[in-house]
Each structure stands twice: as structure tokens, then as C-alpha cells.
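What follows draws every value from the coordinates through simple rules; no lab data is involved. Treat the numbers as computed from the prediction; the structure is a model and nothing was measured. No Cβ is skipped: glycine too gets one built from the backbone with ideal geometry, and neighbour counts run over all protein chains shown.
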Amino acid sequence: MSKNREQKHAKHLAEKHSHEKQQAKETEQHPTEAHLVEVPKGTSRLRFILSFVLVVFLLLVFSITGPMMSALSGGSEGGDAVFMSWTLPDGQKRTLNTAEFFQEKRAFATLEIMYPILGMAGIDPGDNDATARFLITEDMAHFSGVSAATDDLEELILTAFGDAETYKGYIASRRDLTPLAFEALLRRGRTAQRYTQLLASGVSALAPTEIADAWSKNNQEYNFQYVELTNEDFSEAARASLPGDEALEDWFDGLSPFEKAGYNTSPSWSADLAWLDTSSSAPMQALMEAYPRPEDEDAEEMALNYYNSFSYVRFLRPTPEDGGAEEEQDAERFLAYEDVTSLAQREAPIYNSLVDWLSDMQTRLDEGEVVDLQTEAIALGLTFAAVDPRTSADWAEGEEPWSGNFLAQSTGGLPEGRLATRVTVEEGAFVIAQVVEKFAASLPPFSEVRDRVADSWAEERRAELAVESLVSLRAEFEVAPEDGDVKDAPRAASTDLEAFKSAVTAAGYTLVERGFKTRYSRPGDDPSKNSEADNFLQNSTQFYTLEEGTLPVPSGTRDGKLSFLVRVGGKRDPELSMMDPGELAMMKMQLGRTAEMAFFQNTYENPKWIKAEFSLYLKSWESDNDEPAN
């Protein structure tokens with residue numbers, strides 16, 4: 001018993017010793033908090049720790065840059081420093097520190113979705129100057145007693161989002177935004193907008209005299225007297241001076257590529273045709289046996305489809321000899337299906353079998369097989385024609401039954417060797433065509449176009465002769481050249497009306513006096529009723545800037561038919577009674593808009609004006625080393 005007790009005691013002592021040894025080992029590996037900082041011998045632990053903290057603090061102060069501080073403070077530099085200041089007209093000074101300014105900037109950016117509706121489209125919400133302009137405009141609105149109505153906000157929201165559900169969805173998508181907060185910001189934006197609208201309405205309120213003056217300036221009336229010559233009257237003289245062929249060819253060679261292109265031959269092409277005269281009553285047995293109609297094909301439906309597809313060419317109603325009323329012709333342009341049912345029923349299966357034959361040939365060509373159109377056409381009972389090269393006009397206007405616009409169109413764009421993609425239906429024939437050879441437009445030898453060139457030369461020369469005769473008449477009134485005038489340049493010329501009349505009469509010409517009219521006035525406001533002289537005067541811009549009595553250098557119309565010598569007869573203001581209500585409304589709108597744009601460009605949209613008017617200061621100007629731009 002005593003022995004067992006001693007053994008248990010010895011075991012307990014051994015376990016206790018082992019536990020203490022383990023604790024000592026752990027203490028060596030994980031020192032206590034009191035031993036985390038080793039203090040040099042002979043030094044106070046507290047003094048040492050305080051000195052260490054002070055050194056770390058100084059290092060932080062002198063090593064963290066301004067931008068780093070700005071980032072740590074949420075984009076601001078010194079939360080208590082004045083970032084923006086401005087002064088109202090009554091001398092009140094407003095200031096915002098950095099934190100306040102950037103809070104306003106974030107609020108301003110929240111409204112970006114509403115910028116177009118608030119009249120702020122194109123504004124950069126990240127621009128400090130834009131934020132400053134908004135804050136000043138809003139402040140001036142309050143200063144002037146302007147505010148936004150609740151109804152305005154509802155209308156703006158519906159305009160921007162379309163309906164309430166879309167608006168709620170937008171707010172829900174913004175975790176940082178509530179309807180109350182958004183609408184408070186919107187009220188601020190609308191207040192600023194109302195203020196600018198009131199300013200705009202003030203500057204666009206124009207005096208009646210301003211509107212009258214502007215309308216008069218835009219509707220000046222001009223007076224001209226002129227001599228008009230018909231160039232064709234000089235044709236005989238032009239032909240008499242026609243040069244020899246060598247000189248004429250030199251003139252032709254000197255034309256521009258564009259001018260020479262007018263002498264080019266037209267593109268042409270030759271083609272092989274397999275065709276069937278639509279007036280023939282032959283049953284086309286060989287064709288129908290080679291390409292039979294399916295047993296389940298609905299003959300009546302096929303005939304009706306054929307009629308609907310080709311009534312414009314196969315079933316036209318004959319034009320009455322007396323022409324008939326235009327309305328009746330349009331209403332009865334085609335024969336009714338009931339009147340041509342038997343014809344449609346006969347032609348429809350023939351047409352569809354021709355389509356099948358064309359499709360079969362195209363398939364064989366695609367597979368590399370050689371197709372002999374002539375042999376197959378004759379075997380199937382069609383007529384074959386090898387047609388020499390023709391221009392598009394010749395293909396369309398030929399006398400053969402197969403000639404027509406549709407054949408010209410279906411073959412004109414095909415490459416050599418290609419079958420037309422469809423069976424062409426003309427008034428007199430069904431046609432399957434294969435283009436054989438194509439010829440591009442080209443400039444023929446001079447000998448082939450000599451007569452046309454001579455006509456062109458004479459036409460140009462007769463216009464020159466007409467102008468030369470008017471130049472001779474004008475020479476009586478030319479002013480002697482002054483020092484500095486360009487050598488060989490036309491001399492200036494001017495005269496009074498009576499002297500001009502006398503000279504014109506003496507030369508055997510007729511003087512036309514056009515009364516005072518606006519530049520673009522037209523008889524009955526109908527441009528088609530303008531005379532050639534009216535068109536010439538309207539298109540001659542220089543005439544409207546010259547002094548009264550001036551005789552511009554004679555010139556002709558662009559088509560080479562007429563030539564003019566004009567005397568500027570002066571200008572005058574129109575009668576205000578000529579201004580109609582529509583013109584008045586348009587003029588008020590244009591002038592008002594112009595006045596608004598000029599006002600805001602010189603004020604609230606002008607950074608320099610805002611800076612001077614409100615003594616505006618922005619700290620960001622210092623960091624950017626920049627004054628606000630114009």
C-alpha cells in the first residue's frame with residue numbers, strides 16, 4: 001500500500017517537471033509583450049519607445065507627397081483649406097473648403113444623366129471649372145429669387161426616363177442614391193436652368209426696329225439693266241472661222257479628259273439569243289416534252305401568277321387614238337385577267353418550262369459542261385439569233401420582236417460567256433440570252449469624230465464672239481488703269497443709265513430694264529417661271545456687291561446659249577409691308593437665338609468673364625498653373 005502511494009507520487013512529480021519544462025520552451029519561442037522591444041542596457045524602456053515613435057512620425061510627415069495625401073483624403077487637398085470662393089453682386093462672399101467642393105462636384109456629376117434636358121449637354125462633370133460655373137449659376141438663381149417647381153421635376157423625370165418604372169429602376173441600380181436625394185439634386189439643376197432661361201428670354205426680347213433692320217438687310221432689292229444676246233445668232237460667223245483639220249485636232253487634243261469623254265463610243269456587247277415569238281400559236285411540243293410541267297402543278301394558279309408577274313409588258317391595254325383622260329389611262333393600264341385568261345394559260349407553262357431549261361443549262365455550265373445554246377434552242381423548237389455588238393440604246397430600241405429595255409437591262413451587266421439570270425419577257429418574245437463579247441467605251445480616232453469636234457468648236461466660238469461684241473460695247477466706259485493695277489486684267493467700267501442706253505441703242509442692241517427685286521424673287525414663287533436672265537442674275541454673286549453704275553465684264557450662261565452685259569442699277573430697302581407673318585416669326589426666332597448665343601458665350605460660358613464678374617477663385621488653378629481659357 002505504502003509502496004503504491006510512493007509510486008503515484010513519483011509519477012506525479014515527473015509529469016509536473018515535464019509540464020514546466022514544456023512551458024519554458026514555449027516561452028523561449030514566443031516572448032511576452034514586455035519583451036517585444038529589446039531596450040539597450042542602462043536605458044529607460046518608456047523613453048526609448050517614445051523616441052522611436054517620434055522618429056517614425058517625422059519620416060511619415062516628410063515622405064508622403066501632396067498627391068498621396070489627396071488620394072488618402074478622397075481627392076481633396078487639405079479638407080479645411082479654401083478650394084473655391086466667389087462674391088455675389090451685393091458683396092456677399094461664398095467659400096467652399098476642399099471637402100465641401102468635392103462633395104458638390106460629386107453631386108453635380110450625379111446629374112449627368114439629366115444634362116441634355118437641363119441644357120448642359122457636352123459639359124464634363126469631372127471639370128472643376130464646370131462645377132464652379134454650376135454653383136455660381138445656382139447661387140445667382142437663389143439671389144434673384146428663382147426656384148424650381150415640383151411639377152417641373154416630374155416633367156423632367158418623365159422626359160428623361162419615359163415612365164416611372166424606368167426611373168425607379170435607374171434609382172435602384174444606384175446603391176448610393178435615393179429618389180429623395182436625386183430629386184433634391186434635380187431641383188438644384190432645374191433652378192439653375194430656369195435662371196439661364198430667364199436670362200435668355202431677356203436678351204432675346206428684341207426691339208421692333210432691330211427685327212425690321214435685319215429683315216431689310218436680308219431682303220435688299222436690286223436693280224439691273226442688261227443687254228442679252230443669243231449666241232446662236234453668231235453661228236454663221238463662227239463657222240466661217242473654222243480652222244483646218246490639223247488645228248482642229250490640236251484643239252481637240254487640248255480638251256480635258258472629262259470633255260473628251262463626251263466623244264467616247266458607248267459600251268456595247270454581242271449576244272446569242274434563243275427566243276420564241278409570243279404571237280406564235282405553236283404548241284412547243286419539244287420544249288414541253290424535254291421540260292414537262294409537274295403533274296401536281298395547279299394550272300390556274302400558274303396562269304394567274306404569270307399574269308401578275310408580266311401584265312406590265314404582256315397585257316398592256318392599247319392606248320386610245322384620242323389619248324383619253326389621263327386618270328382613265330392610269331386606272332385601265334392593264335387588261336383584266338378575265339380578258340386574257342386563255343392567253344395567260346397558254347403562255348404560263350411555256351414560260352415556266354423555259355425557266356427550267358435555263359436553270360438546267362446554268363447547272364451544267366457550273367459543273368464545267370460546254371453548253372451549245374444554238375443547238376439546244378433549235379432542238380427545243382426556239383429560234384436562234386447571233387446578234388452583233390449593240391449599245392444599250394440599240395438593244396432597247398431595235399425593231400426585232402425580242403428588242404426592248406428588259407433585254408438590254410438583263411444582258412448589259414453580264415460578263416462574257418454568262419447566261420442571263422432570268423428568262424426575259426418582252427412584249428413580243430420570250431428570250432434566253434448569252435453574252436458573247438463586250439466592248440468598253442473608248443475614244444475613237446479623230447477622223448471618226450471630226451464633224452462632232454467641228455460642231456463643238458463652232459459652238460464654243462460663237463459664245464466667244466457674242467461676248468466679244470459686248471466687250472467692245474463696254475470698252476466705251478472703261479476707266480483708265482491706275483498705278484498698281486494688274487497688267488492685262490480687265491479694266492473697271494461704269495456709266496450712268498442714260499449714257500448706257502444711248503450706247504446700247506447705237507450698237508443696235510435692245511436694253512432690258514429689270515425693276516427692283518430681291519435677289520431670289522420669282523414670279524409667283526415658282527422657280528420654273530424664271531427667265532434665263534433671272535437665273536443668270538441670281539447666280540452672279542459678284543453683281544450684288546458692286547456699286548451703282550458698274551459694268552461687270554460680260555459673260556454667258558453655263559449652257560453656252562446666252563451672253564449678257566449688265567449694268568448695276570443700285571439697291572434699296574424693301575417695303576416693310578412685304579414681310580409676311582411667317583417671315584416675322586422666323587426672323588424673331590433667328591435673331592433671338594443669335595442674341596442668346598452671343599450673350600452666354602460672353603458671360604456664363606466664358607471662364608474669364610465669370611472669374612472677373614464674381615471674383616472667382618479655384619485652388620485647382622494654382623496646381624495646374626493655368627488661368628481659365630477663353
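Given a Förster radius of 30 Å and the C-beta distance between residue 360 and residue 439 as r, what FRET efficiency does 1/(1 + (r/R0)^6) yield to the nearest 0.05? Display every interim value, and only then the final one.
On the way: r = 30 Å, r/R0 = 1.00.
About 0.50, to the nearest 0.05.
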log10 I(q)/I(0) for the stretch 86-149, Debye formula on C-alpha points only (no solvent), q = 0.20, 0.24 Å⁻¹, two decimals, reads -0.88, -1.15
With label points built 7 Å along Cα→Cβ from the Cα atoms of residue 312 and residue 392, find their separation and express it in nm. 1.7
For the residue pair residue 109 and residue 561, what label-to-label distance in nm results when each label sits 7 Å from Cα along the Cα-to-beta-carbon direction? 6.7
Along the charge dipole of the stretch 265-439, Cβ charges K/R +1 and D/E -1, which of 312, 285, 343 sits furthest on the positive end? 285
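Report the FRET efficiency, 1/(1 + (r/R0)^6), for residue 92 and residue 163, where r is their Cβ-Cβ distance and R0 is 30 Å, rounded to 0.05. Write out the running numbers ahead of the final one.
Details: r = 42 Å, r/R0 = 1.41.
Between residue 92 and residue 163 the formula returns 0.10.
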Between residue 542 and residue 242, what length comes free when the chain is fully extended (0.36 nm per residue of separation minus the Cα-Cα distance, one decimal in nm)? 104.6 nm
Rounded to the nearest 20 debye, what is the charge dipole size of the stretch 355-459 about its Cα centre when +1 sits on each Lys and Arg Cβ and -1 on each Asp and Glu Cβ? 220
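Can you pull out the GluC sites (Glu not before Pro) in the stretch 464-569 that DSSP calls coil and that have at most 10 other Cβ atoms within 10 Å?
Numbers: sites: 464, 468, 476, 478, 482, 498, 513, 532, 547, 548; in loops: 482, 547, 548.
Of the GluC sites (Glu not before Pro), the ones in loops of the stretch 464-569 whose Cβ has at most 10 other Cβ atoms within 10 Å are 482, 547.
Given axes a ≥ b ≥ c from the Cα gyration tensor, I'd like to know whether the stretch 424-556 is rounded (a/c under 1.5), prolate (a/b larger than b/c) or oblate.
Details: a/c = 3.07, a/b = 1.90, b/c = 1.61.
Prolate, because a/c is 1.5 or more and a/b exceeds b/c.
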Could you work out the local net charge near residue 384, counting Lys and Arg as +1, Asp and Glu as -1, over the other residues with Cβ closer than 11 Å to its Cβ? -3
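Classify the stretch 319-447 as rounded, prolate or oblate, taking a ≥ b ≥ c as the square roots of the eigenvalues of its Cα gyration tensor: rounded when a/c is under 1.5, otherwise prolate if a/b is larger than b/c and oblate if not.
Working: a/c = 2.64, a/b = 1.26, b/c = 2.09.
It comes out oblate by the Cα gyration axes.
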Show me the ranking of peptides 129-138, 204-213, 556-565 by mean Cβ neighbours inside 10 Å, starting with the highest. 129-138, 556-565, 204-213
Taking the alpha-carbon centre of each part, the distance from the stretch 148-192 to the stretch 91-113 in Å is 19
Global form of the stretch 191-256, assessed from the alpha-carbon gyration tensor, a/c cut-off 1.5: oblate
Give the order of 90, 272, 127 when sorted by the count of other beta carbons within 10 angstrom, beginning with the fewest. 90, 127, 272
Starting from 0.36 nm per residue, how many nanometres of slack lie between residue 517 and residue 81 once their C-alpha separation is accounted for? 150.1 nm
